[in-house]
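See below for the structure under consideration.
The values are calculated or read from the model by the stated rules, or taken from the named source; none is laboratory data. Everything quoted here is computed from the prediction, not taken from an experiment. In this analysis, Cβ positions are derived from the backbone assuming ideal geometry, glycine residues included, and neighbour counts consider all displayed protein chains. Heavy atoms of the whole protein, side chains included, go into the accessibility calculation; ligands, DNA and RNA do not. Shrake-Rupley method; radii C 1.70, N 1.55, O 1.52, S 1.80 Å.
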Amino acid sequence: MSLVRRITTIALLICFTASASGIVSAQAVSPPTAPNPQPVAQNDTLAAGLVDGEMLAEAQRTGGKLGAGLAIGVLTGLIGTGIGYFVIGPEPLSPEALQRGAGKGPDYQLGLKTGWEKKTRSKKRHAFLAGGLLGTAAFFVLVASASSSNQ
């Protein structure tokens, strides 16, 4: 096996090992927490809803977007990664988020929904972009190794 192929193989193994460890840490399930008792004076402002929506969305998984980005990156390169990044939307509200907004004012519910959508879209996009860039790098390494082995 030529030196270029060995280097290519090692680079691919490092990329996939790094991405696999990122998948495990990014999709780790947080332990369920006991519901906190609500204070007597509830804060039903838009800002409070935004903060709560982002906090609840932080515990959500990315739904395999890193793997999808990796596959798209290998198959289509930067163009497919860019298109995929912009078409990814937010997750629907979870039952816990819906329950948190129940009984609150319309400003709080709007803030909760906005914060949730902003945070889940951001998490999914970043995971997809990371996978897409890793896939694109793997694609370029494969093309470079194929072209150097033909010479």
query: Can you tell me which residue in the range 49-72 is nearest to GLY131 (Cα to Cα), limited to those that are among the acidic types (Asp, Glu) and crowded, with 16+ Cβ neighbours inside 10 Å?
result: GLU54
- request: Would you mind finding the one in GLU117, GLU96 that is part of a helix (DSSP H, G or I) and open to solvent by 80 Å² or more (accessible area, probe 1.4 Å)?
  value: GLU96
Single condition GLY89 does not satisfy, out of (1) touching a residue at least 40 places away in the same chain (Cβ under 8 Å); (2) open to solvent by less than 60 Å² (accessible area, probe 1.4 Å): (1)
- prompt: What are the residues in the range 69-92 that are under 16 Å from SER122 (Cβ atoms) and either of a type in the set (Asp, Glu) or at pLDDT below 90 (or both), if any?
  reply: GLU91
Test for SER148: is it part of a helix (DSSP H, G or I), among the polar types (S, T, N, Q) and either free of Cβ contacts under 8 Å to residues at least 12 places away in the same chain or in contact with a strand residue (DSSP E or B) (Cβ under 7 Å, 6 or more places away or on another chain) (or both): no
statement: Across (1) open to solvent by 90 Å² or more (accessible area, probe 1.4 Å); (2) farther than 12 Å from GLY132 by Cα, LEU75 clears everything bar (2)
